[in-house]
Amino acid sequence: MITVINYGMGNLGSLINMFKRIGVKAAIESDPEIIKKAEKIVLPGVGAFDSAMSCINKVPGMIETLNHKALVEKIPILGVCLGMQLLTRCSEEGNLPGLGWIPASTLRFPKHQGLKVPHMGWNIARPNSTSKLMLNIIDESRYYFVHSYYVLIDEQSNSLMKTNYGIEFDSAIGLQNIYGVQFHPEKSHRFGMQILQNFAKL
Amino acid sequence: MLRTRIIPTLLLRNESLVKTVQFRKFSYVGDPTNTVRIFNELEVDELMILDINATKNNNQPNLKVLKEIANECFMPIAYGGGIRSLNQAKAVFDIGYEKIVINTHSIVNPELIEEIAKHYGSQALIISIDVKKNIFGLKTVRSNGGSKKTNLEPVKWAMEIEKRGGGEILLTSIDNEGTWNGFDLELIKSVTDAVTIPVIAHGGAGCIEHIEQVVKKSNASAVALGSMVVFQKKGKGVLVNFPESSKLEIIK
């Protein structure tokens, strides 16, 4: 059973559709008391960093519960898109601290000639790790991205996938039980399906 | 690097998919859910569903059909048709759509652009501009599914859309739509020159070369395809299809 956290931001319907398609039980939850019992967590997110953090902070007991699940119980957690950026300490997009579960920060894409921000559309992500999340992921798989900020990790050993958009950035990261993907696996055909399947099997 | 997005654009009319020529002459294409399922299997980049009757008949978005469509889509989908408020936009986002498309109601109430962009981000908002040549040869913006004249000039309106927070522009030439004769390269270039947000070229695609032209000559960021992906050939029967990846390589 996968618990998709609903804190008021994110395209939850698509994630649930994809889990249903691959035969994995998933439910949307917003109550920290229920989230306490979660076995696996997906942290989605669309929108601005500070809005998301303040939505999470606003729910009494939410941040404590999430911290406990991530750092004490160490259940598998997957941040998607903005959800991945929330795993970092901070973002150039806002002032609020992030969850800080992975040593990294979130930066704005540098201005680059001819490249539009947001980075929107299908792009290649190349796996560079033997992490279980990368099982059966073929090289040159394509994924759907929509983002104006990217994650810069402190330790390259936490990189799972690389993508090039003017700069080379980490499009998937992982540290122990915590994972993040910058693209939308729920909207990336069989390529994203494989990643969600891998996550479900962790 | 990103590949150019090629977006099959399906027209919904009373729960069926149809295809038009110059916004008229409806031909039946098929059942929405089955058609979308095929596009999903073909692994298309993105999909756009436009309900061409919603505004005309003052209907709400048909959430039942839209939800059935979303359940078959493992790629980004956009919906347009009859959205006139933030609440209606929310209902569409909630059932699994990434983007919404607004045309008439962005003209009637331009503040709606800001309101939706503020809540959901510009990336979730496509503003559609339908353009038709008048009897003097001047290209002006039309609303209400092409039926209503406005005084808006396409380039100026596009610039205002960008200023108000629209994330993308779907630019349709009514004169070219459904003709298979190629895009209005001049119109599309005039708009891509004036804005920095992505412009999706729509109306007239009949072959890969047309797509190549509009990307290379008119700087379109993405291309919407209608007839090409639902018919075998001009004047021929329905065949849901999508150009092979190898053929699209030239466009990159």
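The values are calculated or read from the model by the stated rules, or taken from the named source; none is laboratory data. From a predicted model like this one, the values you see are computed outputs, not experimental measurements. As a convention, Cβ positions derive from the backbone with ideal geometry for all residues, glycine included, and neighbour counts pool all protein chains shown.
Table for the structure above
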read-out	value
Test result for B:Val92, without any contact (Cβ under 8 Å) to a residue 60 or more places away in the chain, touching a helix residue (DSSP H, G or I) at 6+ places or on another chain (Cβ under 8 Å), over 15 Å from B:Leu10 (Cα atoms) and part of a helix (DSSP H, G or I)	yes
Qualifying positions in the range B:114-148 - surrounded by fewer than 19 Cβ atoms within 10 Å (Cβ to Cβ), touching a Gly at 6+ places or on another chain (Cβ under 6 Å) and assigned to a loop (DSSP other than H, G, I, E, B)	none
Residue tally, condition in contact with a Gly (Cβ under 6 Å, 6 or more places away or on another chain) and at pLDDT below 95, over the range A:48-79	4
Selection count, the range A:151-202, where residues are over 11 Å from the mean Cα position of the chain (by Cα), of a type in the set (Val, Ile, Thr) and closer than 19 Å to A:Lys132 by Cβ	2
Complete set of residues in the range B:133-150 that are small (Gly, Ala, Ser) and under 24 Å from B:Phe26 (Cβ atoms)	B:Ser143, B:Gly145, B:Gly146, B:Ser147
Single residue of the range A:178-201 satisfying the filter (more than 14 Å from chain B (Cβ to nearest Cβ) and more than 17 Å from B:Glu98 (Cβ to Cβ)) that is surrounded by the fewest Cβ atoms within 10 Å (Cβ to Cβ)	A:Lys201
Enumeration of residues in the range A:121-147 that are crowded, with 21+ Cβ neighbours inside 10 Å, in contact with a helix residue (DSSP H, G or I) (Cβ under 6 Å, 6 or more places away or on another chain) and of a type in the set (A, V, I, L, M)	A:Leu133, A:Val146
Residues within the range B:1-33 that are surrounded by fewer than 20 Cβ atoms within 10 Å (Cβ to Cβ), basic (Lys, Arg) and within 14 Å of another protein chain (Cβ to nearest Cβ), tallied	1
Odd one out for A:Tyr144 among (1) touching a Lys or Arg at 6+ places or on another chain (Cβ under 6 Å); (2) within 24 Å of B:Ile197 (Cα to Cα); (3) away from every other protein chain (no Cβ under 11 Å)	(3)
Test: A:Leu115 is surrounded by fewer than 23 Cβ atoms within 10 Å (Cβ to Cβ) and part of a loop (DSSP other than H, G, I, E, B)	yes
Test set (1) at pLDDT 95 or above; (2) out of contact with any strand residue (DSSP E or B) (no Cβ under 9 Å at 6 or more places or on another chain) - A:Ile41 fails condition number	(2)
Residues within the range A:2-23 that are within 14 Å of chain B (Cβ to nearest Cβ) and in contact (Cβ under 8 Å) with a residue 12 or more places away in the chain, tallied	15
Condition broken by A:Thr163, with the remaining ones in (1) closer than 22 Å to A:Gly98 by Cα; (2) within 12 Å of another protein chain (Cβ to nearest Cβ) satisfied	(1)
Test: residue in the range B:97-112 that is surrounded by fewer than 19 Cβ atoms within 10 Å (Cβ to Cβ) and within 14 Å of chain A (Cβ to nearest Cβ)	no
The one condition in (1) within 14 Å of chain A (Cβ to nearest Cβ); (2) at pLDDT 95 or above; (3) farther than 13 Å from B:Ser128 by Cα that B:Asn181 fails to fulfil	(1)
Test set (1) within 14 Å of another protein chain (Cβ to nearest Cβ); (2) of a type outside the set (Gly, Ala, Ser); (3) farther than 18 Å from A:Leu196 by Cα - A:Tyr150 fails condition number	(1)
Every residue from the range A:33-58 that is surrounded by fewer than 18 Cβ atoms within 10 Å (Cβ to Cβ), more than 14 Å from every other protein chain (Cβ to nearest Cβ) and either of a type in the set (S, T, N, Q) or closer than 30 Å to B:Ala117 by Cα (or both)	A:Ser54, A:Asn57, A:Lys58
Test for A:His119: is it at pLDDT below 95 and in contact with a Gly (Cβ under 8 Å, 6 or more places away or on another chain)	no
Filtered residue count, the range B:193-221, keeping only those that are within 14 Å of chain A (Cβ to nearest Cβ) and either surrounded by 23 or more Cβ atoms within 10 Å (Cβ to Cβ) or assigned to a loop (DSSP other than H, G, I, E, B) (or both)	9
Single residue of B:Ala78, B:Ala70 found to be among the small types (Gly, Ala, Ser) and touching a Lys or Arg at 6+ places or on another chain (Cβ under 7 Å)	B:Ala78
The range A:88-137, residues that are in contact (Cβ under 8 Å) with a residue 24 or more places away in the chain and out of contact with any Ser or Thr (no Cβ under 9 Å at 6 or more places or on another chain)	A:Asn95, A:Pro97, A:Pro110, A:His112, A:Leu115, A:Ser131, A:Lys132, A:Leu133, A:Met134, A:Leu135, A:Asn136, A:Ile137
